[in-house]
Each structure stands twice: as C-alpha cells, then as structure tokens.
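Please read the structure below before turning to the comments.
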Amino acid sequence: MAMVTAKLSCSPATASLGRRSAPARRATVVRAYGGSYADELVSTAKTVASPGRGILAIDESNATCGKRLASINLDNTEVNRQAYRQLLLTTAGLGEYISGAIMFEETLYQSTTDGKTFVDCLKDQNIMPGIKVDKGLVPLPGSNNESWCQGLDGLASRCAEYYKQGARFAKWRTVVSIPCGPTALAVKEAAWGLARYAAIAQDNGLVPIVEPEILLDGDHGIERTLEVAEKVWSEVFFYLAENNVLFEGILLKPSMVTPGAEHKEKATAEAIAHNTLTMLRRRVPPAVPGIMFLSGGQSELEATMNLNAMNQSANPWHVSFSYARALQNSVLKTWQGRPENIEAAQQALLVRAKANSLAQLGTYTGEGESDEAKKGMFQKGYTY
C-alpha cells in the first residue's frame, strides 16, 4: 500500500540566475503515504468506519472530566474518574454499536478494579482503542483573539509509546471561531498543525482523526458556516497532501454545518444534512473511509436526528458519529456516582449508542426519546 513519489528540487539561488542555464535537477525519492504501517492504517480505519458503529469520545482532560463529575456532586479525583470510565468501557454489548473509543492519556494506562486494562476491555468487544495526543489550545499571536493547538513537540515519541500501549488511532482537536473572523492566519495554522500531526501519527502506526472544529458560537446563519467550513477543509486537505498523508488511513471529525447557536432561526435536520453533505462532497475525497461527526453541544436528540438525516441516501464515505456529551449526558445523570446505579447508567449508554447506530444506518425514528435527550448542551466558549 505504501507509495513512492518523486520530487524535483530547485534552490531559490538557482532560480535567480536569469538567462543562465540551470544545472540539471536531481530527482529525490520520497517514501510517503503511510510508510511501513500503510496496510495496518487502512485496516484500522475501515474497522472504525464499520456499518452501524461509531466512536465513543471519552478523551476529556482531567479538568473537563472534573466539570462533568461536579455536575453530579462528585470530587475530581483519579478514583472517581476511573470509576466513571470503567462504567463506560465495561458496558456489555457496547461493541455492537461502538467501533472506537478515544481516551485521555490517563485512561489509556488505567485498569478496572479487577486489574483488567481498559485497552483489553475494548479489544474484547472489537472496539479500537484511541488516544488524544494534542496538548490543548493557546492564544494565537497576531490573530483576532483566536487559538492554535500545541503538541507537535515530542509527538512522534508519544505516538510510539501509545502504540505500544495498544492505541491504534489518535485525535488532535483544533478550533476555528466564526465570530473572530476567522482570520487567514488562524485557518492556515489549524490546517498545517493538523497535517503535521497526521503525518507523524501515521508514521508511528496510529490512524489520525483530523478535527478542525468550527465552533457553534455566534449568531451567523447556516450559509456563513458553510462558507467557512469549505474554506477550512480546503486548506486542511491541501496541507494533508503536502505532508504526504495517506487519505485511506485517516478519519475526519468535522462539525455539522449548522447556524450559530445564537442565530434567531433554528435549522431543520434536513437543512443541516443538505448543507453538511454539500460541503463534504465539495471538499472531501472519496478515498477517506470515515466521517465521524462531533456533536459540539447539540442535544443528544439533535445530534442523532441530524446524523440520521445525512444517511437517507448513499454517501461515498461512512458517515457516523464521534460523540462525547451526546452519548454521556444521560449516563452521568443516571449514575449519580452511586454503585447501585451502574447497571441503569450502562443501559442509558446502550440506548444512546443504539440510537446513533440506527442513525448511521439511516433508520432512526426518534420514537420514545426522553425529555433529557432533548435538552441542548451548548456552552459559549466551551473548552475541553
């Protein structure tokens, strides 16, 4: 599967010699497109992008996980974080609907109270273990109060260690803000960072999830979101190609094309599906195996309904989900940190996972959904 390309090198000095004949150009052979892991990357991506399944995202930082625990009056301790993630990852039957789980570094190395690693818990259900590898957002100098994602330093060695621990795919999240512009600088920085990360991850055996999240913040209409999304994804794929990333060995985690959260009119699921698929068809090559949408603060019901609307006709890619809050909200509120509620909380997870599995297949009806599932989860300026 690995491919070899030839590139011609010409120095700026040679180009400036005017009418003098340039010396013969030397062909440089570059090993590219997945390197020695190419076949494995393709296989991993296809497994994650398998029919009726999607990704459970539990890669919140310790601080963000603490906010979730605080919502049910639990302290942010490693014991409580481990207990919650054990509840999720030991849910019997989860692998029927979930093909991959993105974990925070702490979780990748944790085990159940019985001593079984979380990685093995996932593998036993044919769920691919994944890992968040970025180091978070920081202010981008020279921009309009925008951010850039850090974490490239030392990324290769971290990815190699995560692979040894059992991870087979990775996630890197950067963000684009429409109210802040976005500026050309912010878009280019986001795209270049994602491309460098993707190349490094593939070189170390991890399928990269490419995630430039276009934030819901703002009062703009859906047309403006479509315009920005097309610009962002155009830049992203330009730099992915520049970095010789194997498209068959990546997954995308885009935002759905929706109006800003503060826009006066809400869009229907059909309008969101139409605009989102329009953007994807214009920008994403069919070589990419899977589109795993983020929920971005939508209610559990909205995220599922919108995904279902996008699967009413055939797509050139597997169109599925990579949800965090839209899979976990009901689970947390059912659990409440009480051991006697674990089974009920796991059933709540299966309900949401099955609903989104049906949405991936285009057969979700929305019948019997609870009022809790209909509650929006948008937070202005939300951070992971």
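Quick notes on this structure:
- Single residue of the range 70-100 satisfying the filter (open to solvent by less than 20 Å² (accessible area, probe 1.4 Å) and more than 19 Å from Ile131 (Cα to Cα)) that is nearest to the chain's Cα centre (by Cα): Thr91
- Residue in the range 289-297 that is open to solvent by 30 Å² or more (accessible area, probe 1.4 Å), at pLDDT below 95 and either assigned to a loop (DSSP other than H, G, I, E, B) or of a type outside the set (Asp, Glu) (or both) present: no
- Every residue from the range 139-161 that is at positive phi and surrounded by fewer than 16 Cβ atoms within 10 Å (Cβ to Cβ): Gly142, Asn145, Gly154
- Sub-7 Å Cβ pairs linking a first residue in the range 42-57 that is under 21 Å from Ala198 (Cβ atoms) to a second residue that is of a type in the set (D, E, K, R), at least 6 apart or interchain, are Val42/Glu248; Thr44/Arg168; Ala45/Glu248, ordered by first then second residue.
Listed here are the residues, each with its yes/no results for (1) in contact with a Phe, Trp or Tyr (Cβ under 7 Å, 6 or more places away or on another chain); (2) modelled with pLDDT of 95 or more.
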position	(1), (2)
Ala199	no, yes
Glu211	yes, yes
Pro254	yes, yes
Glu262	no, no
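- Within the span defined as the range 69-77, one or more residues are touching a helix residue (DSSP H, G or I) at 6+ places or on another chain (Cβ under 8 Å) and free of Cβ contacts under 8 Å to residues at least 60 places away in the same chain.
- Inter-residue pairs, beta-carbon under 6 Å, first under 13 Å from Thr268 (Cβ atoms) and in the range 300-313, second of a type in the set (Ser, Thr, Tyr) and open to solvent by 10 Å² or more (accessible area, probe 1.4 Å), 6+ apart: Asn308/Tyr364
- Scanning the range 314-347 for residues that are open to solvent by 40 Å² or more (accessible area, probe 1.4 Å), in contact (Cβ under 8 Å) with a residue 12 or more places away in the chain and either closer than 18 Å to Gly100 by Cα or assigned to a loop (DSSP other than H, G, I, E, B) (or both) gives Pro316, Gln336.
- Screening the candidates Gly221, Gly205 for the property of being over 17 Å from the mean Cα position of the chain (by Cα), more than 15 Å from Leu152 (Cβ to Cβ) and open to solvent by less than 10 Å² (accessible area, probe 1.4 Å) yields one hit, Gly205.
- Filter result for Asn275 (at negative phi, in a helix (DSSP H, G or I) and not hydroxyl-bearing (Ser, Thr, Tyr)): yes
- Residue in the range 162-183 that is over 24 Å from Glu242 (Cα atoms), without any contact (Cβ under 8 Å) to a residue 12 or more places away in the chain and surrounded by fewer than 23 Cβ atoms within 10 Å (Cβ to Cβ) present: yes
- Search result, residues across the range 352-375 that are open to solvent by 90 Å² or more (accessible area, probe 1.4 Å) and either farther than 19 Å from Phe293 by Cβ or modelled with pLDDT under 95 (or both): Thr365, Glu367, Asp371, Lys374, Lys375
- Listed by position, the strands (runs of 3 or more DSSP E) inside the range 95-185 whose residues that are farther than 20 Å from Phe321 by Cα and polar (S, T, N, Q) number at least 2 form an empty set.
- The single condition among (1) assigned to a loop (DSSP other than H, G, I, E, B); (2) in contact with a strand residue (DSSP E or B) (Cβ under 7 Å, 6 or more places away or on another chain) that Glu262 does not satisfy is (2).
- Residue list for the range 101-133, restricted to those being open to solvent by less than 30 Å² (accessible area, probe 1.4 Å), within 18 Å of Gly290 (Cα to Cα) and out of contact with any Phe, Trp or Tyr (no Cβ under 6 Å at 6 or more places or on another chain): Ala101, Ile102, Ile127, Pro129
- Every residue from the range 17-69 that is open to solvent by 10 Å² or more (accessible area, probe 1.4 Å), among the hydrophobic types (A, V, I, L, M, F, W, C) and at pLDDT 95 or above: Val42, Ala49
The values are calculated or read from the model by the stated rules, or taken from the named source; none is laboratory data. Computed from a predicted model, the values in this text were never measured in an experiment. Here the Cβ is made from the backbone with ideal geometry for all residues, glycine too, and neighbour counts use every protein chain on show. Heads up: the accessible areas ignore ligands, DNA and RNA and are worked out on the full protein's heavy atoms, side chains in. Shrake-Rupley method; radii C 1.70, N 1.55, O 1.52, S 1.80 Å.
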